[in-house]
Amino acid sequence: MGTMAKAIFLFGIAFLFCINNVTEASRDLLQSGPVELFDVTKFYRKPTEEEVEYDEDYIPGSYYDAFAAVWDAACRNSTGSVKILVPKGTFLLTPIIFSGPCKCAKPIVFEVAGTIVSPTNPSLFPNAQWIEFSDIDGLVLNGNGVFDGQGGVVDNETHVSAWATNDCRKNKNCVPPSSNLRFGKVHNSIVTGITSLNSKWFHLHVFSCNNFTATDIRITAPGDSPNTDGIHFSQCNLVNVANSNIATGDDCISIGQGCINTNIHNITCGPGHGISIGSLGKERDDKSVEGVTVTDCTFTNTTNGARIKTWIGQSPGEVKKIVYENLVMNNVKNPIVIDQSYGSKTVRGPSNSLWKITDAHFRKIKGTTVSNVAVSLQCSSKNPCEGVEVADVDLVYNGDPKNKTLASSCNNAKAKFAGKLSPGACL
């Protein structure tokens, strides 16, 4: 492992112990050593009339060829330290995969200062990706630029938007639209400073990644935009997310199957569906989740706050070593939730889920709720929750004045309540 690879790895580890210094650490990393600059505009070539006429895949105004060429030059044909630059301006980009492994020194830096815009025609997306980074050890994606998925923009040819045609909430066999950014097998990496806007599907979809950090990012989509999770993780180890603003139509952050050692800190969430573990157990091969810490986050006008959700499940799994602590709720519908009947249209109370939840802690949570049931712990009758702690929860009802009752609801939870409690403990 080279010097820069070691630096980025140590940065990820240091995050766990020194969260407040993330920005300074990332700046130090980005300033290290002489860097060869690769400006994407220098790789743009206007196609000839003949190329336009005979290229069935040609999209007017697309910078695909320039982005593909600049990646090849920096990643595959350079051996020194490199930085790819997307300067100020607007760049239409059709679906592309930036794949490794790279020959250049680690990390490869991809700086975005401009706005990268997605096409609106769904026929241009053969699968659920727009921009994907794949099989890379040491990536820094930074800058103050924007990735605009145009999920709500009506396409000139189809006369509908991607959001309008998304039926995945009703159709289990749907073809998912494209995520703004996908990271697959991207290790020892940092995403910082960027904005993801109006994704057609998940904003950031991160899977099979080790030591992945996202900090100081902004994610924005309307509260009614379907399936626009801010960041979704699956099968990841050593994930760190901090100091970011997420407003979207689904989970602000969702920790999916197979994730271990996940740390989330100082997130502003809303609108959205909260910061969720799950959903888990929908697929037979879903793997357990362990070691999730969510601290110092604020939720405003979200449907949920701190949530763990599992399906009934086709095979057993576990959720364990979970901490939600020092959270602020502003008019949140369901501030604290364990839902082990997720996905069921008929069972919304006690379930017989095959998944077991243990060692889950909800501490120092305050603010306002618009629901009469502010703490809902609906665990499995087959695998009751164990080691659940609810401590120092101080929530004030701010909903319909006709019914000001505030309560906790528990089934099969085996929960311990302590400290100041509003609502009170389950009976």
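The values are calculated or read from the model by the stated rules, or taken from the named source; none is laboratory data. If you're wondering where the values come from, they're calculated on a predicted model, not measured in any experiment. Glycine gets a Cβ as well: all are built from the backbone with ideal geometry, and neighbour counts include every protein chain shown.
Restricting to the stretch 228-283, and then to whatever is of a type in the set (D, E, K, R) and surrounded by fewer than 23 Cβ atoms within 10 Å (Cβ to Cβ), can you tell me which residue is nearest to residue 344 (Cα to Cα)?
282
When each of 370, 393 is tested for being touching a Leu at 6+ places or on another chain (Cβ under 9 Å) and assigned by TED's automatic domain parsing to the domain that holds residue 279, the lone residue that passes is 393. Is it true that residue 302 is part of a loop (DSSP other than H, G, I, E, B), within 28 Å of residue 398 (Cα to Cα) and outside the structural domain of residue 214 (by TED's automatic domain parsing)? Yes, satisfied.
Considering only residues in the stretch 174-194 that are modelled with pLDDT under 95 and surrounded by fewer than 23 Cβ atoms within 10 Å (Cβ to Cβ), the one that is nearest to residue 241 (Cα to Cα) turns out to be 176. Restricting attention to the stretch 284-303, which residues are farther than 13 Å from residue 257 by Cβ and either over 20 Å from the mean Cα position of the chain (by Cα) or surrounded by 24 or more Cβ atoms within 10 Å (Cβ to Cβ) (or both)? Those that are farther than 13 Å from residue 257 by Cβ and either over 20 Å from the mean Cα position of the chain (by Cα) or surrounded by 24 or more Cβ atoms within 10 Å (Cβ to Cβ) (or both): 294, 297, 299, 302. Can you confirm whether residue 293 is in the same structural domain as residue 351 (by TED's automatic domain parsing) and either in a loop (DSSP other than H, G, I, E, B) or free of Cβ contacts under 8 Å to residues at least 24 places away in the same chain (or both)? Taking the combined requirement at face value, the residue does not satisfy it. Comparison of 267, 260, 255, 308 shows that the only residue that is within 24 Å of residue 407 (Cα to Cα), touching a strand residue (DSSP E or B) at 6+ places or on another chain (Cβ under 6 Å) and in the same structural domain as residue 384 (by TED's automatic domain parsing) is 308. Among the residues of the stretch 105-130 satisfying the criterion of being among the hydrophobic types (A, V, I, L, M, F, W, C) and more than 19 Å from residue 195 (Cβ to Cβ), which is nearest to the chain's Cα centre (by Cα)? Only one residue tops the list, namely 128. Considering the stretch 352-371, the residues that are more than 15 Å from residue 392 (Cα to Cα) and in contact with a Cys (Cβ under 9 Å, 6 or more places away or on another chain) include one that is surrounded by the fewest Cβ atoms within 10 Å (Cβ to Cβ), namely 358.
Checked against the criteria, residue 358 does not count as within 21 Å of residue 249 (Cα to Cα), hydroxyl-bearing (Ser, Thr, Tyr) and modelled with pLDDT of 95 or more. Any idea which of (1) surrounded by fewer than 17 Cβ atoms within 10 Å (Cβ to Cβ); (2) modelled with pLDDT under 95 is the one residue 313 doesn't satisfy? Answer for residue 313: the failing condition is (1). The residue pairs whose first member lies in the stretch 162-189 and is not assigned by TED's automatic domain parsing to the domain that holds residue 218, whose second member is surrounded by fewer than 22 Cβ atoms within 10 Å (Cβ to Cβ) and not aliphatic (A, V, I, L, M), and whose beta carbons are closer than 7 Å, counting only pairs six or more residues apart or on different chains, do not exist in this structure. With respect to the stated conditions, residue 319 fails to be closer than 12 Å to residue 277 by Cβ and surrounded by fewer than 24 Cβ atoms within 10 Å (Cβ to Cβ). In this entry, residue 86 passes the filter for residues that are buried (at least 20 other Cβ atoms within 10 Å of the Cβ), modelled with pLDDT of 95 or more and touching a helix residue (DSSP H, G or I) at 6+ places or on another chain (Cβ under 7 Å).
Every residue, every condition in (1) in contact (Cβ under 8 Å) with a residue 12 or more places away in the chain; (2) aliphatic (A, V, I, L, M); (3) out of contact with any Lys or Arg (no Cβ under 8 Å at 6 or more places or on another chain); (4) surrounded by fewer than 19 Cβ atoms within 10 Å (Cβ to Cβ), yes or no:
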{"site": "373", "(1), (2), (3), (4)": "yes, yes, yes, yes"}
{"site": "384", "(1), (2), (3), (4)": "yes, no, no, yes"}
{"site": "387", "(1), (2), (3), (4)": "yes, no, no, yes"}
{"site": "390", "(1), (2), (3), (4)": "yes, yes, no, no"}
{"site": "393", "(1), (2), (3), (4)": "yes, yes, no, no"}
{"site": "409", "(1), (2), (3), (4)": "yes, no, yes, yes"}
